[in-house]
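Written out below as structure tokens is the structure these notes cover.
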Amino acid sequence: SDSMVEFTHSILYDIYDFAQVEEVHIAKCDLGCVIFAATTGETLDKSPNGLDPYAMNLIVVDYEHGTNYSVAELAQQRDEQQRKIPLTITGSGNISVINQNDIRSRRFYTIALYVVEKSKCSQLFNLIY
């Protein structure tokens, strides 16, 4: 079931938007956006690299520019003051999250994706930890 919360210039997704589906188109990126990711796996010791194994297989795909990024890796990106570093999509974007996990899997961790329209980012102070 969808649990996304849509605001005027941003949208918040959580694991229930991605679990047991193959692909989710990400809104608010048609003219560029920034994407912040968070997982409970940021402190996981269960996997060899310390990353959430479920989020490693959730891939943010930019079809317009031919690039892709793991949600788990995005969640790890921080600046020297430990603030989140978002994925920035400039220009037009056709963005989706591809779920490469077993769709039937019922075992997953907490994941949040916060997407903000690029034109409104100057109002965002990047104080997301």
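The values are calculated or read from the model by the stated rules, or taken from the named source; none is laboratory data. Predicted, not measured: the structure shown is a model, and the values here were computed from it. Cβ atoms come from the backbone with ideal geometry, glycine included; neighbour counts cover every protein chain shown.
Things to note:
- Only listed residue being under 14 Å from the mean Cα position of the chain (by Cα), within 14 Å of THR39 (Cα to Cα) and either at pLDDT 90 or above or of a type outside the set (A, V, I, L, M) (or both), chosen from THR88, THR110: THR110
- All conditions in (1) surrounded by 17 or more Cβ atoms within 10 Å (Cβ to Cβ); (2) modelled with pLDDT under 90; (3) in contact with a Lys or Arg (Cβ under 8 Å, 6 or more places away or on another chain); (4) over 19 Å from TYR16 (Cβ atoms) hold for CYS121, with the sole exception of (3).
- Consider the range 67-85 and keep the residues that are of a type in the set (A, V, I, L, M) and touching a helix residue (DSSP H, G or I) at 6+ places or on another chain (Cβ under 7 Å). The one that is modelled with the highest pLDDT is VAL71.
A quick yes/no check of all residues on (1) in contact with a helix residue (DSSP H, G or I) (Cβ under 8 Å, 6 or more places away or on another chain); (2) surrounded by 17 or more Cβ atoms within 10 Å (Cβ to Cβ):
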position: LEU51; (1), (2): yes, yes
position: VAL61; (1), (2): no, yes
position: HIS65; (1), (2): no, no
position: THR88; (1), (2): yes, no
position: ILE95; (1), (2): no, yes
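- In the range 23-41, the residues that are among the charged types (D, E, K, R) and either closer than 10 Å to ALA112 by Cβ or crowded, with 19+ Cβ neighbours inside 10 Å (or both): LYS28
- Among the residues of the range 1-22, just one is within 23 Å of GLU117 (Cβ to Cβ), of a type in the set (Gly, Ala, Ser) and at pLDDT below 90, namely SER3.
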